[in-house]
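Trainee: Got a structure here, written out as structure tokens. Questions coming.
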Amino acid sequence: MSLTCLGVSVDVNTEFEAVIGLEVHVQLATDSKIFSSARARPESGNSVADEAVNKNTTPVCAGHPGTLPVLNEKAVGYAVRAGLATGCKINLKSIFARKHYFYPDSPKGYQISQYDLPLCEKGFLDIELGDEGEITKRIGITRIHMEEDAGKSLHLHGYSLVNLNRAGVPLIEVVSEPEMRSPLEAGAYLRKLYAIVTAIGVCDGNLQEGNFRCDANVSIRPKGVSAFGTRTEIKNVNSFRFVEKAIEYEVERQRQVILSGGTLVQETRLYDSQKNRTFSMRTKEDAEDYRYFPDPDLPPLVLSPQMVEAIRAALPELPDQKRDRYMRDYFLRRLDAILLSSGSTWGRMFEESVALTGKEQGKILANLMIGEGMRLVSEAESNPDAQNAGFTSKQFADLARAVSDQTVSVTAAKQVLAIAFKEGGEVGAIIDREGLRQVSDLSALEPVIEEIIAKNPKQVEEYRSGKEKVLGFFVGQAMKATQGKANPALLQELVVKKLKG
């Protein structure tokens, strides 16, 4: 059977490429909603799940007749800040529009959004790829527009309930160009955008509560073809890893449909993370289906150049700037600098620790945080029932000093970190309690080495005849005899000295 895709003959050996564009919904961290005085976030100490149903709701949120929206100035400032941080052009005049669709969690029957004239346009993100983050690819941002979030439906047996606490929470939607070609690139784009919006303080970044969620538009085409294929939209994924897995599944699904002679349909699909598959939700709407028109209750949003420049001047250090400073000031590897500058928590802890120890300890601190520190936190996040004390900057600073002055070995430092994370406590006290101090006393090490040499004359002869690899045997035996407490550098120096007589 002869098959074609976008005018090109295809068979099982045809190499396809993915075309990926992302629409990211970023919930703005304002206290009140975008068009009403209702709380936008739960009260301090509560989670979204803990908040009483429909507690943070006003007649405006519920779409009661006769109510009028009033724009939240702080939300506008946050949206402009996000646009500037991603290299966008800020339109001094933008228009709010009504986007019509009929769902129970949209009480007005439309969503207030922006369409023809958004607040921000023509930006970009530079993503890092490669084993060391050495490859940079620029992904265009088509637009960033403001809109309101919908409520949330709870589907029960035979009926549904609606919670409007989320209705009217301010969002920005960041729409990329379709310039990503792999799940890996999509993941890198999301992580970079997340790092930016959390670093500049416009988003809390709580993925579990949907503060940062993504719709992925995916199509495929034979390599070398410039035309776009039929795209599907994977809706509302709030995990970087799940976005990557969903795109990977969808690319292969589309490939199989084409190779089997089927026809791809433009549709919205959902991702089931447990089964690792996408499934159809509804036929995808186009812009004309939403019947956009300017909202008659909201005048055009007009900004002054002075306001935009004031926001630009107040922008904090961005992740790329922080990455370059870490490499310059602390001589970190590029990948280590990327990892520490991409998360506000780790970046803050690194800088606090450096302030306590001095910049000369920067590399040791980076190794402790990126290696064992991030691993312990990742394990804890996957086991929410585990009780952990967490880390403090002082613990990292004290441990970096202990490694630097050879009080403990790197191996022992990992043990100290694990105990400090789970139980808390002072680093020095943990080292003493666990007996992890490194032995650097010559008078203690020399007898151990002499005994090992005396018991292994064959290996001594091999070393002295030129087989220098045997040195590792003696060092290993000495480390075993000292229960791993010997200073490795000093130990090796002493072993060589003794073997050479």
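Every read-out reported here was derived from the displayed coordinates using simple, explicitly stated rules and does not represent laboratory data. Worth saying up front: this structure is predicted, and the values here are computed from it rather than measured. When we count neighbours, we look across all protein chains shown, and the Cβ atoms used for this are built from the backbone with ideal geometry, even at glycine.
Trainee: Extension gain Leu184-Ser44, at 0.36 nm per residue separation less the Cα-Cα distance, in nm?
Mentor: Extra length available between Leu184 and Ser44 comes to 46.8 nm.
Trainee: Tabulate in residue order the Karplus-calculated ³J(HN,Hα) for the stretch 26-32, using 6.51 cos²θ - 1.76 cosθ + 1.60 with θ = phi - 60°, rounded to whole Hz; enter x for Gly and Pro.
Mentor: 10, 7, 7, 8, 8, 6, 10
Trainee: Right, here's the next one. 222 nm [θ] for the chain, helices only, -39500 (n - 2.57) per DSSP H run of 4+, per residue, to 500?
Mentor: -11500 deg cm²/dmol
Trainee: Mind putting a number on the dipole of the chain about its Cα centre? Charges go on the C-beta only, +1 for Lys and Arg and -1 for Asp and Glu, and I need it in Debye to the nearest 20.
Mentor: 520
Trainee: Among Val460, Ala216, Ala18, whose Cα lies farthest out toward the positive end of the dipole of the chain, if unit charges sit on the beta carbon of Lys, Arg (+1) and Asp, Glu (-1)?
Mentor: Result: Val460.
Trainee: Can you give the extra length, in nm with one decimal, that the chain gains between Val410 and Gln274 once fully stretched, where that is 0.36 nm per residue apart less the Cα-Cα distance?
Mentor: Going from the current span to full extension adds 45.1 nm.
Trainee: Let me ask you something else. Which order results if Lys122, Lys500 are arranged by neighbouring Cβ count within 10 Å, fewest first?
Mentor: Least to most surrounded, the residues fall as Lys500, Lys122.
Trainee: Report the one residue of Ile234, Val174, Thr278 whose Cα lies farthest in the direction of the positive end of the charge dipole of the stretch 169-290 (charges on C-beta: Lys and Arg +1, Asp and Glu -1; origin at the Cα centre).
Mentor: Thr278
Trainee: In debye to the nearest 20, how big a dipole does the stretch 214-295 give about its Cα centre with +1 on each Lys and Arg Cβ and -1 on each Asp and Glu Cβ?
Mentor: 420
Trainee: Could you let me know the centre-to-centre spacing of the stretch 70-146 and the stretch 458-490, using Cα atoms, in angstrom?
Mentor: Cα centroid to Cα centroid, the span is 62 Å.
Trainee: Taking the dipole about the Cα centre of the stretch 317-434, with the C-beta of Lys and Arg at +1 and of Asp and Glu at -1, give me whichever of Gln387, Ser341, Val403 is farthest to the positive side.
Mentor: Result: Ser341, furthest along the dipole toward the positive end.
Trainee: Ranked from highest to lowest mean number of other Cβ atoms within 10 Å per residue, what is the order of the peptides 71-84, 420-433, 150-163?
Mentor: So the order, starting with the most tightly packed, is 71-84, 420-433, 150-163.
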